[in-house]
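The values are calculated or read from the model by the stated rules, or taken from the named source; none is laboratory data. These numbers were taken from a predicted model, which means no experiment stands behind them. When we count neighbours, we look across all protein chains shown, and the Cβ atoms used for this are built from the backbone with ideal geometry, even at glycine.
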Amino acid sequence: MFTRQELHDTLAIYTPHLEESFLNIPLVDPSSQVVDVTASYVSTLTAELSRCTEEYKARLEQCQRTANEIVNLWGQLGPEASGSSMSSSVSSASLHHFNPQSDLDRLIVDHHNTAPEKIGLKQENLNKLAAKRDELLEEKQKRQAKIGELRQAIEPMWQKLGRDKKDCDAFLRRNRGFSEKVIASVDRPLSPLSDEYSLSGSSLSSSSLNGKTCMSLLRPQGKPFVNFGRNCSTPKNKWQNLPLHLRVPMANCVSI
């Protein structure tokens, strides 16, 4: 059974972490000469201590959980994420090169594992943590969508161009996560693949071109169609000056 003074002292440990408005009873100044030692007051003090203790524990867990979510998102999004606006667990070592952009960031980095109460347990602090977490989650969702779009564009071209599946899988393994660096790496082969795929598509479609279609590609606009004849060498000279996307199909049907 705690004495009145012990109850008072223990309650005073928790109250700095909570709003003043949260307390249902005023804390009496220990130096006061008037001290309420009635059983009724001790009972009220005991109930208040229990209520404050439960609230403190709940807020401590909420603070640590949110702070860890933030640290994990920093790990997934990369160092640049903290300047905006990890896997399921992130060690302190993985934050070694992390550069906090604000006082709150520094508090999270320093205390998310060992002393989350130092980040702040008042509702204002918890709201700031939740807002930072939500901002990072939104950024992650945007990057997930971007990477998904890039993969949807690249993977079908890999398949149709006959790329080795092992090489493709290795490329994707090397570029996991949602950092800006990963997005840039996944985006890099898109343009060359598109050019190669377009050229390949032109080459493949050339088999559907008949002789008259090929010759019409060479006919000057507004001029009548001229039949050069099967053995005429003139078309060869002309298709060599055509743009690349026309050269491939013309090369396959120059003899008519």
message = Let me spell it out: the conditions are (1) closer than 25 Å to THR15 by Cβ; (2) at pLDDT 95 or above, and ASP134 meets all of them except one. Which number is the exception?
response = (1)
inquiry  = Which count do you get for residues in region 40-71 that are buried (at least 19 other Cβ atoms within 10 Å of the Cβ) and over 21 Å from LEU18 (Cα atoms)?
reply    = 3
Cβ pairs under 6 Å, 6+ apart, first in region 112-134 and over 15 Å from PRO100 (Cβ atoms), second exposed (fewer than 13 other Cβ atoms within 10 Å of the Cβ) = LYS122/GLU19
